[in-house]
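Chemist: Here you go, one structure.
The values are calculated or read from the model by the stated rules, or taken from the named source; none is laboratory data. Bear in mind the structure is a predicted one, so any value in this text is a computation, not a measurement. Cβ coordinates were reconstructed from backbone atoms using ideal geometry, including for glycine residues, and neighbour counts include every protein chain displayed.
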Amino acid sequence: MATSNIQNTPQVRRCATMDVHRRLLNENPTYALARDDIENMTLRYQEGRGMAGRAGVTRIPVVVHVVWNTAAQNISDEQIASQIDVLNRDFRRANPDVEATPVPFLPFTADARVEFALATSDPHGAATTGIERRQTSVSAFGADDEVKSQASGGLDAWPAASYLNIWVCQLGGGLLGYAQFPGGPDETDGVVILQSAFGTTGTAAPPFHLGRTATHEVGHWLNLNHIWGDDGTGCSGTDNVDDTPNQGGANTGQPPFPQVSCNNGPHGDMFMNYMDYVDDPAMFMFTAGQVTRMQACLDGPRAAIGTGGGAGTLAPRHSSSPVVAWGANRLDVFVLGTDHALYHKAWDGAAWQPSVTGYEAQGGICLGAPQAVAWGPERLDVFVIGSDSALYHKWWNGAAWGPSPDGFESLGGLCVGDPRAVSRAPNRLDVFVVGTDRALYHKRWDGTAWGPSLSGYEAMGGVCLGQPEVVSWGENRLDVFVIGADHALYHKWWDGAAWGPSATGYERLGGVCLCAPRAVSWGPDRLDVFVTGADGALYHKWWDGAQWGPSIDGFERLGGVCVGEVEAVSWAQNRLDVFVIGTDSALYHKAWDGAAWLPSDDGFENLGGACTSRPRAASWGPDRLDVFVTGTDGALFHKAWDGNAWQPAVDGFEDLGGVVSCF
Amino acid sequence: MTQNTELPGGSWTHSFEEDEAGVEVYRPTATFAFPPSRKGREVLRFATQDDGEPGVTSLLPGPDDRPRAAPPATLRALGQGRYALGAGRELQIIEATPAILKLVRR
């Protein structure tokens with residue numbers, strides 16, 4: 001709610017919040033100062049000063065701590081999933097009831113561009129369901145944070161920088177839930193929700209059975225204030241948002257439209273806003289001004305969350321490669337030997353296994369480079385094309401290789417060139433191959449079976465030159481790139497429901513491309529694609545969540561004369577590292593640091609070597625790069641950026657032995 | 001029958017569903033099963049203050065939906081269950097038993 005004089009300068013709005021700040025200052029000076037900084041930063045953001053903002057959609061990893069006393073309070077996984085679904089609808093303006101917004105307020109409704117997913121990786125990097133449970137002797141908790149500590153009968157918070165903590169428990173006094181604004185202590189960061197007001201099924205009970213308590217509390221967690229301004233029933237409080245009407249006190253129940261207060265007729269209070277106190281069926285919208293405030297929070301005090309940092313839970317998943325890192329300080333490398341069998345070696349954090357120059361033989365007779373992905377710690381899925389041109393698969397489940405140490409699962413097909421695979425979620429695999437008709441084909445693992453069948457493929461149309469590329473920036477998102485017969489770049493995507501632009505159609509993105517595309521994503525709804533052009537130079541284009549840059553069919557020229565394929569990785573939001581081989585067979589590198597290309601727009605860093613393969617790179621942590629090539633003697637060579645310097649030297653490589661026929 | 005109108009102790013939570021005309025009904029915070037309420041419930045904590053005078057603290061939902069305490073107010077007995085609450089405000093106990101507290105605020 002704005003103050004009654006909507007046109008006033010922001011300083012007036014600031015003044016109205018000072019009472020709250022003064023009260024907090026008395027209670028907790030550190031918290032009050034942090035809150036003050038956040039309000040100042042939010043104000044700058046709302047005025048459009050000096051803030052970049054996040055592109056696209058932010059996906060936030062969630063941990064749900066179920067703290068139960070009676071068995072009925074130990075809510076089901078389904079009830080938890082129903083709550084996550086509600087959050088994903090409400091914060092994307094995808095809730096059907098938004099259409100019930102009264103006509104005068106409908107233009108103000110907005111997509112908050114925030115999504116939520118149960119965490120897949122815990123604070124120690126181990127696989128998790130994102131749900132933890134505990135029985136407690138506390139029959140009902142209060143609003144005193146005791147549910148947030150193991151010692152007081154609850155469960156400890158997970159790191160606030162990486163997770164949204166949601167505690168679900170029995171609350172006393174009829175309390176539905178409470179939140180903590182950004183800027184408070186990490187140990188108590190998150191929201192607490194009454195078990196019978198959580199989700200839409202199980203114990204959820206009317207009129208709080210549509211999951212809106214969590215929507216309201218997460219609104220606070222993203223720095224939204226109550227729409228009436230927290231001044232009792234007065235007309236002088238503000239919610240620090242300009243596009244909500246000035247409002248007296250809270251509305252309750254399911255009031256008819258309009259509800260006039262504070263001379264705000266004829267349309268009255270925006271009581272259907274999630275930040276009022278009406279029943280679940282009566283609240284269904286955020287405004288654009290509230291979205292700006294939430295995005296300011298994600299740009300400021302909650303800048304780390306949902307970026308794939310910290311536990312690396314929801315980092316976008318890139319295309320398969322012979323080199324994969326499933327965890328910090330871990331690398332797995334797959335090559336073909338001169339006998340065209342598959343060979344494997346791994347860095348375990350301390351040493352190369354089975355030895356610096358040794359390899360584990362894995363059988364098979366393979367055509368083309370092996371393609372590996374990891375959908376979780378200690379999990380590897382490797383795809384190769386066999387001598388019969390069929391697709392083959394083997395996997396490491398943490399204990400053993402399947403189907404056997406030197407065996408493969410046959411997945412059918414008649415494939416040309418290397419396959420490409422991606423995992424968009426734990427235990428999900430999508431594999432793309434080019435058929436003998438040069439069309440694209442797709443198959444998927446849904447956690448229990450291969451679709452459309454063990455040996456079958458879904459036809460995806462097109463006439464492809466070279467290999468496809470696929471990247472996933474979200475659990476239900478795939479972006480596929482191919483080079484068409486006209487050497488232009490083409491794109492298609494899976495949005496969770498359908499293929500765009502159609503099942504067999506493609507979006508034309510222009511260019512004259514001489515190599516297969518390489519795509520990376522450093523965040524939700526963000527794509528960066530690299531190709532080499534007819535002049536041998538490196539070219540780049542990007543999707544920023546709204547449009548293709550520099551244009552739908554245009555590319556940014558990044559210089560160089562490149563031989564063969566391009567490699568690109570990202571180890572942080574708005575960070576890109578690109579590797580190419582030059583005409584002198586040396587390895588070259590350039591990087592985008594969030595503001596500029598290094599060493600220059602068209603320049604490259606020479607990393608030496610006499611390379612006989614394309615470069616393959618992986619990053620297992622922030623400011624860490626590992627790059628692999630084969631040398632003139634056929635051996636595999638490795639170099640690494642450790643955050644300070646290239647190891648073993650700027651132009652030096654570590655010899656990892658072997659005689660590699662394909663990498 | 002004469003109702004007990006002595007000042008209660010402890011924490012009482014507004015059971016607004018039971019309110020009668022002009023009369024607010026409170027139930028023991030710790031033991032009564034209150035239905036969930038989004039607007040929250042006012043809590044009154046009655047206690048003897050450091051100066052030996054009876055006092056009451058009111059808690060209402062704050063900006064983060066947690067109950068937030070206002071500064072304690074001293075209760076000055078006026079007789080017949082009536083108490084002065086600062087300047088010009090009055091609290092009258094209508095009924096006080098271990099299970100229910102009914103009061104009128106003016």
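Chemist: For region A:123-144, does any single residue satisfy the condition of being surrounded by 21 or more Cβ atoms within 10 Å (Cβ to Cβ), touching a Ser or Thr at 6+ places or on another chain (Cβ under 7 Å) and within 13 Å of chain B (Cβ to nearest Cβ)?
Modeler: no
Chemist: Would region A:186-195 turn up any residue that is within 11 Å of another protein chain (Cβ to nearest Cβ), buried (at least 24 other Cβ atoms within 10 Å of the Cβ) and not hydrophobic (A, V, I, L, M, F, W, C)?
Modeler: yes
Chemist: When residues of region B:1-60 are filtered for being more than 14 Å from chain A (Cβ to nearest Cβ), closer than 29 Å to A:SER196 by Cβ and polar (S, T, N, Q), how many remain?
Modeler: Total satisfying the criteria: 1.
Chemist: When you scan region A:260-309, how many residues do you find that are farther than 19 Å from A:ALA110 by Cα and either within 14 Å of chain B (Cβ to nearest Cβ) or among the charged types (D, E, K, R) (or both)?
Modeler: Summing the residues that are farther than 19 Å from A:ALA110 by Cα and either within 14 Å of chain B (Cβ to nearest Cβ) or among the charged types (D, E, K, R) (or both) in region A:260-309 gives 4.
Chemist: Can we say A:HIS226 is in contact with a Pro (Cβ under 7 Å, 6 or more places away or on another chain), of a type outside the set (D, E, K, R) and either at the interface with chain B (Cβ under 10 Å from one of its Cβ atoms) or more than 22 Å from A:PHE116 (Cα to Cα) (or both)?
Modeler: yes
Chemist: Please give the number of the condition A:THR213 fails out of (1) crowded, with 24+ Cβ neighbours inside 10 Å; (2) over 26 Å from the mean Cα position of the chain (by Cα); (3) β-branched (Val, Ile, Thr).
Modeler: All conditions pass for A:THR213, except number (2).
Chemist: Then there is this: If you go through region B:48-106, how many residues are of a type in the set (Gly, Ala, Ser) and not in a loop (DSSP other than H, G, I, E, B)?
Modeler: 8
Chemist: Taking the stated definitions as given, is A:GLY232 within 12 Å of chain B (Cβ to nearest Cβ), over 37 Å from the mean Cα position of the chain (by Cα) and either of a type in the set (Lys, Arg) or under 21 Å from B:PRO67 (Cβ atoms) (or both)?
Modeler: yes
Chemist: Keeping to region A:197-208, report how many residues are crowded, with 20+ Cβ neighbours inside 10 Å and either within 26 Å of the chain's Cα centre (by Cα) or within 7 Å of chain B (Cβ to nearest Cβ) (or both).
Modeler: Number of matching residues: 4.
Chemist: Scan region A:347-388 for residues that are surrounded by fewer than 19 Cβ atoms within 10 Å (Cβ to Cβ), among the hydroxyl-bearing types (Ser, Thr, Tyr) and either touching a Phe, Trp or Tyr at 6+ places or on another chain (Cβ under 7 Å) or at pLDDT 95 or above (or both) and jot them down.
Modeler: A:SER355, A:THR357
Chemist: Sticking with this one: Under 7 Å between Cβ atoms, at least 6 apart or on separate chains: pull out the pairs that start in region A:148-163 with a residue that is under 22 Å from A:ASN74 (Cα atoms) and end on any residue that is in a helix (DSSP H, G or I) and of a type in the set (S, T, N, Q).
Modeler: A:LYS148/A:THR188; A:ASP156/A:GLN150; A:ALA157/A:THR188
Chemist: Select, from A:VAL98, A:VAL63, the only residue that is under 27 Å from A:ARG526 (Cβ atoms), in a helix (DSSP H, G or I), touching a residue at least 60 places away in the same chain (Cβ under 8 Å) and of a type in the set (A, V, I, L, M).
Modeler: Of A:VAL98, A:VAL63, the one residue that is under 27 Å from A:ARG526 (Cβ atoms), in a helix (DSSP H, G or I), touching a residue at least 60 places away in the same chain (Cβ under 8 Å) and of a type in the set (A, V, I, L, M) is A:VAL98.
Chemist: Still on this structure: Does A:GLY358 satisfy the condition of being within 18 Å of A:ARG444 (Cα to Cα), over 30 Å from the mean Cα position of the chain (by Cα) and outside any strand (DSSP E or B)?
Modeler: So A:GLY358 fails the test.
Chemist: Related question: Counting residues that are at pLDDT 95 or above, touching a Cys at 6+ places or on another chain (Cβ under 9 Å) and within 22 Å of A:GLY56 (Cβ to Cβ), which strands (runs of 3 or more DSSP E) fully inside region A:544-595 reach at least 2?
Modeler: none
Chemist: Can you tell me which residue among B:PRO35, B:PRO71, B:PRO63 is surrounded by 16 or more Cβ atoms within 10 Å (Cβ to Cβ) and more than 11 Å from the chain's Cα centre (by Cα)?
Modeler: Of B:PRO35, B:PRO71, B:PRO63, the one residue that is surrounded by 16 or more Cβ atoms within 10 Å (Cβ to Cβ) and more than 11 Å from the chain's Cα centre (by Cα) is B:PRO63.
Chemist: Please specify each residue of region A:386-408 satisfying the condition of being in a strand (DSSP E or B), in contact (Cβ under 8 Å) with a residue 12 or more places away in the chain and closer than 22 Å to A:ALA346 by Cα.
Modeler: Passing the criteria: A:TYR392, A:HIS393, A:LYS394, A:TRP395, A:TRP396, A:TRP401.
Chemist: Hey, among the residues in region A:521-538 that are surrounded by fewer than 24 Cβ atoms within 10 Å (Cβ to Cβ) and outside any loop (DSSP other than H, G, I, E, B), which one's nearest to the chain's Cα centre (by Cα)?
Modeler: Result: A:LEU527.
Chemist: Applying the selection to region A:113-133, what residues are at pLDDT 95 or above and touching a helix residue (DSSP H, G or I) at 6+ places or on another chain (Cβ under 8 Å)?
Modeler: Once the filter is applied, which keeps residues that are at pLDDT 95 or above and touching a helix residue (DSSP H, G or I) at 6+ places or on another chain (Cβ under 8 Å), region A:113-133 yields only A:ILE131.
Chemist: Quick one: how many residues across region A:199-222 are aliphatic (A, V, I, L, M) and within 14 Å of A:VAL168 (Cα to Cα)?
Modeler: 3
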